[in-house]
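Participant: Okay, here's the structure, questions in a sec.
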Amino acid sequence: MARPASFHEQLIEKLRKLLRSRQFVPGAKFLTEREIAERFGTSRPTANKALSSLVSTGLLEFRQGAGTFVRESVLDYDLQRLVSFTEKAAAAGKKPGTQVISFRKITAADAPASVVQALKLQPSDPLFYIERIRLADGQPVIYERRHVIARLCTGMTKTTAAGSLYAFWTKKCRLSISGADESIRAVNATTPQAAALGIPTHTACLLVIATGFLADTSPLWHEETFYRSDVYEFRNQLGGLSAPKPAQGRIR
């Protein structure tokens, strides 16, 4: 059973919804700590903590002596939680869109070995292969190749793939998604990747390779996603110093 959201987490989600409502356009001054406390019936320290969280994830920015403002047309990748691209683009004041390049059903025998291993498949297991370009105000910003275990979401179609997969999985398929294991590295776009993103060949991009999991720890999808580095930034909030953990990968 999922842990109930704390009041602090609930407040952050309420502020996120407020940002998505377009009451505050990019560049507009956001609610103050005092206004949040009064509006949502919370303490000022809790309001301040929620504001700081939204600043750290790139939705807001703090300007010394002026206050907190809705960040201007930024697309950022939250390293701490799964966030729908549709919601992220809308929160940044951009119109989200999707171009489905390919949607087809295959078997694991036709998938790359890395996908078969990550999803723990047998050769005859059916998969959906999805290739998409994600758009913000009509501009290509993400090029994605994704394999999804078909038996877990049998109603998936090309029309479904043109929308938010997270929304389809959680609302239509009633799947509980626990998170994803990711690796991130810089790459230079190949000619096909560059053409999909509308950038010159060899342009620097950020590549995310991820496997997503359900609440029971079974895998659901594997993806390779290319992000344009000129319109995307990856953000994270770090805690204090701690002892190093044993390496879980290799240095290239």
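The values are calculated or read from the model by the stated rules, or taken from the named source; none is laboratory data. What you see is a predicted model, and the numbers here were worked out from it, not measured in a lab. For neighbour counting, all protein chains shown are included, and Cβ atoms are generated from backbone atoms with ideal geometry for every residue, glycine included. Only protein heavy atoms, including side chains, enter the accessible area calculation; ligands, DNA and RNA are left aside. Shrake-Rupley method; radii C 1.70, N 1.55, O 1.52, S 1.80 Å.
Participant: By how many nm would the segment from Ala204 to Arg63 lengthen if fully extended, with 0.36 nm per residue of separation less the alpha-carbon distance?
Facilitator: 47.8 nm
Participant: So, in nm, how far is label Arg39 from label Gln23 when the simple model puts each one 7 Å beyond its Cα toward the Cβ?
Facilitator: Spacing of the two 7 Å Cα→Cβ label points: 0.4 nm.
Participant: Here is a follow-up. Under a point spin-label approximation (7 Å from Cα along Cα-to-Cβ), what is the Lys105-Ala150 distance to one decimal in nm?
Facilitator: 0.4
Participant: Run the accessible area of segment 123-201 with a 1.4 Å probe and give the carbon-and-sulfur part as a rounded percent.
Facilitator: About 51 percent, which is the carbon plus sulfur part of the accessible surface.
Participant: So what does Lys49 come to for accessible area, using a 1.4 Å probe and Å² rounded to 10?
Facilitator: It works out to around 120 Å².
Participant: Something else now. Note down the accessible area of Leu175, probe 1.4 Å, to the nearest 10 Å².
Facilitator: Surface open to solvent at Leu175 totals about 30 Å².
Participant: Order Lys14, Lys158, Lys120 by their accessible area, 1.4 angstrom probe, all chains in place, largest first.
Facilitator: Per-residue accessible area, sorted high to low, gives Lys120, Lys158, Lys14.
Participant: HN-Hα J couplings of segment 128-139 from phi, Karplus 6.51/-1.76/1.60, θ = phi - 60°, integer Hz, Gly and Pro as x?
Facilitator: Calculated HN-Hα couplings, in order: 9, 9, 10, 10, 9, 10, 9, 10, 10, 6, x, 9 Hz.
Participant: Estimate the FRET efficiency between Glu131 and Glu13 by the formula 1/(1 + (r/R0)^6), using the beta-carbon distance for r and 41 Å for R0, to the nearest 0.05.
Facilitator: That gives a FRET efficiency of 0.85.
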